[in-house]
Each structure stands twice: as C-alpha cells, then as structure tokens.
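Notes follow the structure.
The values are calculated or read from the model by the stated rules, or taken from the named source; none is laboratory data. Predicted, not measured: the structure shown is a model, and the values here were computed from it. Counting neighbours? That spans all protein chains shown, and the Cβs are built from the backbone with ideal geometry, glycine included.
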Amino acid sequence: MATPLLQFAGSLLAVAVLVALTWLLGSQTEPRLESEQEARELLRHSPGGFEPVEIALANNGCAAIANDNAGRQAVVVPHGSRFVTRMLPANTPITMRGEVLDIEVNPPLVLALDDKAKYWTGADNLVN
C-alpha cells in the first residue's frame, strides 16, 4: 500500500516542480506590442491578407485595432504568450465609453485608446 502512495506523492511533486519552473520562466506574463510596426507585421501575416492603413495600439500594448483600404477591420489580441489577428465581421458594433472602445464580438474586446478611440467609432470608419 505504501508503494502506490509514494508513487502518487512523487508524481504530484514532479507536476508541482514543472508548474513552478514554467511560472519562473515567464509564462505568467502577457505579451506586449512594442510598436505599431510590430502590429502591422502581425496583420500582414493574417490569412487572406490584410494591409493595414490605420493602426491604433491599446495604451498598455496588449492589443491593437486596424483597418485596410477595403474597409475591413481587424484586431491583434493576445492568445497565451503570443498574438493572433482576428478579422472583425462586417458591421461589428464598436462603441466608445470614455477613452475605451467596446467591440461587440464573442468574447467581447475592450481597448483603451485615449483620444484615438473616436476615430474607430465613427460611422465613416465602420465596416459596411
């Protein structure tokens, strides 16, 4: 009976060590966009192609929103320790709450953009 208990305790200890090591190596940190150029490159690699014309980074660098010449909009959002790009469906409701954008997709996106938020809520800039 002691052998299975020792095996269980050893496995539990090994898992705890792996979790601690992963945490120490930085898996707890969220990725940050350093510049608009970094967001632009991520968007250019989007499936279907996306050449951004206007880009706005969130204040803390955790996300970005962009549009292209075709009137499409896309966001760059964190996924684990990396970023993914996500095309916004046509007529996606985007509202402004102070200096914050609320993008009504599933799951909802919230981007703090300061005074740049007005541009992304304007009727001229929404995808038709």
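Assorted remarks:
- Flag if Arg82 is at pLDDT 90 or above and under 22 Å from Arg40 (Cβ atoms): no
- For the condition at pLDDT below 90, of a type outside the set (Lys, Arg) and in the same structural domain as Asp102 (by TED's automatic domain parsing), Asn59 qualifies.
- Hits in segment 42-86 - residues which are more than 14 Å from the chain's Cα centre (by Cα), aliphatic (A, V, I, L, M) and more than 23 Å from Glu99 (Cα to Cα): Ala70
- Strands (runs of 3 or more DSSP E) wholly inside segment 50-89 containing at least 1 residues that are among the acidic types (Asp, Glu): 52-57, 64-68
- Neighbours by Cβ (under 9 Å, 6+ apart or cross-chain): first from segment 96-123, within 15 Å of Gly61 (Cα to Cα); second of a type in the set (Val, Ile, Thr) and modelled with pLDDT under 85: Leu101/Thr121
- Entry remark, segment 11-65: residues being under 30 Å from Lys118 (Cα atoms) and among the hydrophobic types (A, V, I, L, M, F, W, C) number 14 in total.
- In segment 66-102, the residues that are β-branched (Val, Ile, Thr) and touching a Phe, Trp or Tyr at 6+ places or on another chain (Cβ under 6 Å): Val76, Ile94
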